Amino acid sequence: MNRLSINNKPKISISWSGGKDSMLALDRIIRSNEYQIHHLHTVIDAELKRVGLHGVPEHLIEKQAAALGLPLKKLYLHKDDSHATYEKLISEYIQQLKSEGVELIMYGDIFLEDLKAFRDAKLASAGMQGVYPLWKEKSQDLINEFLNKGYKTRICAANKKHFQTSQVGRLISQEWLRAVPAGVDVCGENGEFHSFVCDGPLFSSPADHQVGEVVEKTYHFKVKNADGSVSDQQSSFYFASLF
C-alpha cells in the first residue's frame, strides 16, 4: 500500500469542527512534521449552513481555514430522521479521499470508545486509518496545554442541564473552567459544551467575529433501550449567536 506523497510524508485530512479539541490535535499534527496536510473537512448542515451541534456559521469556519492557511472541504449534510444519511455522506467522502491518495484522517477524540470504533470501522472498509493525537490523555492536561499555547476559544453551545446563559458566549479561561460543574468533562468530551477557536499561534490573524444573543434550542430524539424498546428523549442547549 503506497501511503506516501511526493515529499515522502503520508497525506492526511483533518476532521475539523472549529473547536478546541480539533485545534489542539491539528497543532500537534503540524508540529510533528510527520504528515502532509491535504485539507480540513467539516460537516455542515445543508439547510442552516452551520456546523451541527456547534451552531457555528459556515463563513466563520472559512475564516478559520484562511487564518490557518489550509484548504477547506465542506461536506453538506441534509437532515432526516435516519443516521444512514450521515453514514452515506462520510462513506462517499472517504472513498473520494482514497482516490486522491489520502489514507489518513485526523480526529480530536479523547476517550469516546464507541465513536472511535465507528470511525475506525468506516476507515478500515476503505483501507484507511485514523490518527488520534489526543487519545486517552487527561482532559485537564489537554485544556491546560491548549490555553498555555495561547489559543483562544469561545463557548458557542452548552447543555442547559449543566450551564447557565451567562457562561455561554464567553472565552474559555481558567476562571471559566473553575465554574464548570462537578461531573462535567472540562473538554466537553461527552457533548456538554462546544467551542469556536478564534485565535492562536498557528493563526495568521484572528477569526474576527461578533457575539449576539444567547438562544435556547430543544432537540427531540429516540434512544434504544437495553431491552430493545425505544423511548423519546429531549435535550436543550444554549447557543451563542456568532456572526
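Of the beta bridges in the range 27-140, as assigned by DSSP with both residues counted there, near 20 percent are antiparallel.
Based on a Kirkwood Rh over C-alpha pairs, give the Stokes-Einstein translational diffusion coefficient of the range 143-228 at 25 °C and viscosity 0.890 mPa s in µm²/s.
On the way: Rh = 14.7 Å.
Reported coefficient: 167 µm²/s.
A 1.4 Å probe run over the range 144-212, with the rest of the protein chains in place, finds 45 Å² accessible per residue.
Where does the range 19-66 land on the Kirkwood hydrodynamic radius, alpha-carbon pairs, in angstrom? Walk me through the intermediate numbers first.
Working: mean 1/r = 0.0832 Å⁻¹.
Computed over Cα pairs of the range 19-66, the Kirkwood hydrodynamic radius comes out at 12.0 Å.
Using a 10 Å cut-off on Cβ atoms, rank the peptides 171-181, 227-237 from the highest mean neighbour count down.
Numbers: 171-181: 13.2, 227-237: 10.0.
Ranked from most to least packed, the peptides come out as 171-181, 227-237.
Only helices enter the 222 nm calculation for the chain: every DSSP H run of n ≥ 4 contributes -39,500 (n - 2.57), and dividing by all residues gives -8500 deg cm²/dmol, rounded to 500.
The residues of the range 1-118 present an accessible area of 47 Å² per residue when probed at 1.4 Å with all protein chains retained. Taking a label point 7 Å from the Cα of SER235 along the Cα→Cβ vector, which residues of the range 159-181 have an amide N closer than 15 Å to it? It comes to 159-163, nothing else. For the range 207-241 versus the range 81-107, the inter-centroid distance based on Cα atoms is 25 Å. Inter-label distance, TYR86 to ASN144: 3.3 nm, where each label sits 7 Å from its Cα along the C-beta direction.
Measuring from a point 7 Å past the Cα of GLU34 along Cα-to-C-beta, which residues in the range 126-156 have an amide N at less than 14 Å? Residues 129-135 qualify, since their backbone N sits under 14 Å from the label point.
Between their Cα atoms, which of LYS63/LYS217; LYS20/LYS73; LYS73/LYS98; LYS98/LYS122 are more than 21 Å away from each other? With Cα atoms farther than 21 Å apart: LYS63/LYS217.
The HN-Hα couplings worked out from phi for the range 152-164 by the Karplus form 6.51 cos²θ - 1.76 cosθ + 1.60 (θ = phi - 60°) are 10, 9, 10, 5, 9, 8, 8, 5, 4, 5, 10, 10, 9 Hz, whole numbers, x standing for Gly and Pro. Taking the empirical scaling 2.2 N^0.38 Å for compact globular proteins as reference, the range 137-181 has a Cα radius of gyration ratio of 1.17. Normalised Debye scattering of the chain at q = 0.07, 0.15, 0.16 Å⁻¹ gives log10 I(q)/I(0) of -0.23, -1.14, -1.31, counting only Cα atoms as equal scatterers and leaving out solvent. Of LYS224, LYS136, LYS149, the residue with the greatest mean-square motion in the GNM of the chain, using alpha carbon springs below 10 Å, is LYS224.
Computed with the Debye formula from one identical point scatterer per Cα of the range 78-177, without solvent, the log10 of I(q)/I(0) at q = 0.10, 0.11 Å⁻¹ comes to -0.43, -0.52.
Based on alpha carbons, the Rg and Dmax found for the range 48-94 are 12.3, 36 Å.
In this structure, TYR76 and LYS160 have a Cβ-Cβ separation that, at R0 = 35 Å, corresponds to a calculated FRET efficiency of about 0.80.
Remind me, relative contact order of the chain in percent, using alpha carbon pairs under 8 angstrom and six or more residues apart? Write out the running numbers ahead of the final one.
Numbers: 432 pairs, mean separation 50.2, N = 243.
It rounds to 21 percent for the chain.
Summary value for the range 137-220: 36 percent relative contact order, contacts being C-alpha pairs under 8 angstrom separated by 6+ residues.
The values are calculated or read from the model by the stated rules, or taken from the named source; none is laboratory data. Note that the structure is predicted; figures quoted are calculated from it, not measured. Cβ sites come from the backbone with ideal geometry, for glycine too, and all protein chains shown count toward neighbours. Note: accessible area is taken over every heavy atom of the protein model, side chains too, but ligands, DNA and RNA are not part of it. Shrake-Rupley method; radii C 1.70, N 1.55, O 1.52, S 1.80 Å.
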